Structure formats: C-alpha cells, structure tokens
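Working notes, structure below.
The values are calculated or read from the model by the stated rules, or taken from the named source; none is laboratory data. Only a predicted model underlies this, so the values are computations on that prediction, with no experimental measurement involved. All Cβ positions, even for glycine, are placed from backbone atoms using ideal geometry, and neighbour counts span all protein chains on display. Only protein heavy atoms, including side chains, enter the accessible area calculation; ligands, DNA and RNA are left aside. Shrake-Rupley method; radii C 1.70, N 1.55, O 1.52, S 1.80 Å.
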Amino acid sequence: MKDTYRHKGMRRQLVEELRRKGISNERLLAAIETLPRHFFLDKAFEEWAYKDKPFPIGNDQTISQPYTVAYQTSLLQIKKRDKVLEVGTGSGYQAALLAMLGARVYTVERQEALYEKAKALLSKLKLGNIRCYLRDGYKGLPEFAPFDKVIVTAGATGIPPALLEQLAIGGIMVIPVGEHVQKMHRITRLSEEEYDDQVLANFRFVPLLKGLNTID
Ligand code: SAH
C-alpha cells in the first residue's frame with residue numbers, strides 16, 4: 001500500500017470540500033487529511049477515493065461518503081479515551097478515524113467477509129485502539145457496555161433498544177433512522193430513564209440487517 005504526494009494532495013482538496021460543506025471540527029479534518037482513504041477501497045476505485053462519494057466495498061455494501069462520515073463523527077464530539085461502539089464496520093474507515101481521534105473503538109460487523117478484511121487492514125495500519133467483532137450489531141456488545149458514544153453506520157428502521165441500554169448516562173448515540181431515506185438522530189442519555197432525541201438532516205444508508213451473514 002502506497003500513499004503518494006498525489007494522494008496527499010487529493011486529501012487536502014477533499015478536506016477543503018468538507019470545510020465548504022460545513023464541517024468545522026479541526027481535529028477531525030486533520031485526521032481525514034492524514035488517513036489514506038484509498039487503503040480502504042478496492043484498487044479499481046483508487047482514483048475516486050478522494051471524491052466526496054460512497055463506493056462499493058463488496059457484499060453489496062458501501063464505504064460511506066466522506067461528508068457523511070465527517071457529519072456523524074462531528075455529532076459524536078469524541079474526546080480522548082471515549083469508549084465507542086460502532087455498528088457496521090464495513091471497510092473499517094470510520095473505525096480508523098475514531099481511533100485517530102483517541103477513542104477506544106469497539107466495532108461490530110455482520111458480514112464475515114467484510115469483518116475479516118477490515119480486521120486485517122486495521123491491525124496492519126496500527127492506528128490505535130480498535131477491536132473488531134463479528135456480531136449482530138442490533139444487540140450491541142453488552143459485555144463491554146456502557147459506551148460513551150454509539151455510532152450506527154447503516155440505516156435502521158427503528159432505534160435498537162439494546163443500543164439505548166448500552167449508552168452511558170451523558171453518552172451520545174448517532175443513528176440514521178428511516179426506511180428509504182434516513183433522518184440522522186442524535187440521542188443523548190440524560191439519566192437512567194430519559195433520553196433527548198434530536199432529529200437532524202436526511203441521508204441514505206445501506207440497511208441495518210438482522211442476524212449474521214457468514215456464507216459469502
Ligand atoms: N462504517 C463503514 C460503512 C458501513 S456500510 C465504513 O466506514 O466503511 C454499513 C455496514 O453495516 C455494512 O458493512 C453492513 O454489512 C453492516 N451491517 C448492517 N447491519 C448490521 C448489523 N445488524 N450488525 C452489524 N453490522 C451490520
């Protein structure tokens with residue numbers, strides 16, 4: 001895997017584009033400028049890695065558009081040492097960014113092929129504290145709860161109750177909810193029983209599916 005001056009130049013332009021689109025978290029923009037997104041895509045898409053677009057990563061899944069990754073990550077307000085649950089590892093790009101921001105990342109994927117690929121890549125890149133699990137993310141990771149932050153990177157038809165339970169008091173969950181188009185929700189846990197639910201902009205995600213897929 002090579003990261004050339006040309007790739008770095010394209011990343012600088014992508015960061016400028018994200019800034020123009022309203023992303024203002026400098027620590028996050030610096031991480032996007034540093035992390036080679038083309039490592040997370042198939043070689044065939046290398047030329048397009050720094051366009052603000054989603055791309056196929058196999059198994060009918062996509063790596064999210066950089067703007068979407070930046071938008072969700074900004075909403076999470078990541079602090080160093082935050083314990084973060086990600087549902088939908090996909091390529092591993094989002095998990096890598098979270099780790100670069102100092103989070104302790106627990107990422108869950110239901111497709112075995114993607115899980116294996118992301119796990120191998122993330123351990124090779126040595127970006128920090130990331131643990132990968134082959135699980136149904138609907139159920140979260142109860143044995144590691146509570147989480148300071150939860151990020152769901154697939155479109156859910158409803159908010160999975162297990163994820164609400166596993167959020168720490170004072171914690172933030174960012175989750176796209178809806179059937180064909182999703183609205184981003186930022187949910188803050190106020191107390192044992194109370195949650196604040198802010199409904200934000202529209203996005204389109206691949207669906208959050210139930211159960212594991214270990215065949216292809
Ligand atoms: N965050 C990823 C993009 C994810 S695309 C990245 O940075 O590349 C959404 C991913 O969610 C897909 O890989 C899909 O297989 C996974 N997914 C869908 N439903 C899931 C579930 N119930 N549990 C875990 N992963 C799930």
Revision key, fill the gap. Inside segment 184-198, the number of residues satisfying the requirement of being open to solvent by 20 Å² or more (accessible area, probe 1.4 Å) and under 16 Å from the mean Cα position of the chain (by Cα) is 2
Revision key, fill the gap. Checked segment 35-54 for anything at pLDDT 95 or above, touching a Pro at 6+ places or on another chain (Cβ under 9 Å) and assigned to a helix (DSSP H, G or I); matches are R37
Check your understanding: Are any residues in segment 102-117 among the hydrophobic types (A, V, I, L, M, F, W, C) and more than 8 Å from the ligand (Cβ to nearest atom), and if so, which ones?
Key -> A103, V105, A113
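Residues are listed down the side, and each one gets a yes or a no for (1) in contact with a helix residue (DSSP H, G or I) (Cβ under 7 Å, 6 or more places away or on another chain); (2) near the ligand (Cβ under 6 Å from one of its atoms); (3) open to solvent by less than 10 Å² (accessible area, probe 1.4 Å); (4) charged (D, E, K, R):
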residue	(1), (2), (3), (4)
T62	no, yes, no, no
Q65	no, no, no, no
V69	yes, no, yes, no
Q77	no, no, no, no
K80	no, no, no, yes
K83	no, no, no, yes
G88	yes, yes, no, no
L97	yes, no, yes, no
M100	yes, no, no, no
Check your understanding: Residue check, A168 against (1) in contact with a Ser or Thr (Cβ under 7 Å, 6 or more places away or on another chain); (2) within 14 Å of V84 (Cα to Cα), all met but one. Which one?
Key -> (1)
Study note, to complete from the structure: Scanning segment 178-216 for residues that are farther than 14 Å from G88 by Cα, touching a strand residue (DSSP E or B) at 6+ places or on another chain (Cβ under 8 Å) and of a type in the set (V, I, T) gives V181, I187, T188, V199, T214
Exercise for review: For K53, indicate whether it is within 16 Å of the ligand (Cβ to nearest atom) and surrounded by fewer than 20 Cβ atoms within 10 Å (Cβ to Cβ).
Suggested key: yes
Revision key, fill the gap. Here the residues within segment 55-72 that are of a type outside the set (S, T, Y), more than 25 Å from A168 (Cβ to Cβ) and not in a strand (DSSP E or B) are N59, D60, Q65, P66
Exercise for review: Would you point out which residue out of A120, A145, A168 is open to solvent by 30 Å² or more (accessible area, probe 1.4 Å), more than 12 Å from the ligand (Cβ to nearest atom), within 22 Å of H185 (Cα to Cα) and over 14 Å from the mean Cα position of the chain (by Cα)?
Suggested key: A145
Review point. Cβ-Cβ below 6 Å, separation at least six or inter-chain, first residue in segment 17-30 and in a helix (DSSP H, G or I), second open to solvent by less than 50 Å² (accessible area, probe 1.4 Å): which pairs?
Key: E17/D52; L18/A70; L28/T73; L29/V15
Check your understanding: Restricting attention to segment 183-216, and to residues there that are closer than 13 Å to T68 by Cβ and assigned to a loop (DSSP other than H, G, I, E, B), which single residue is nearest to the ligand (Cβ to nearest atom)?
Key -> V206
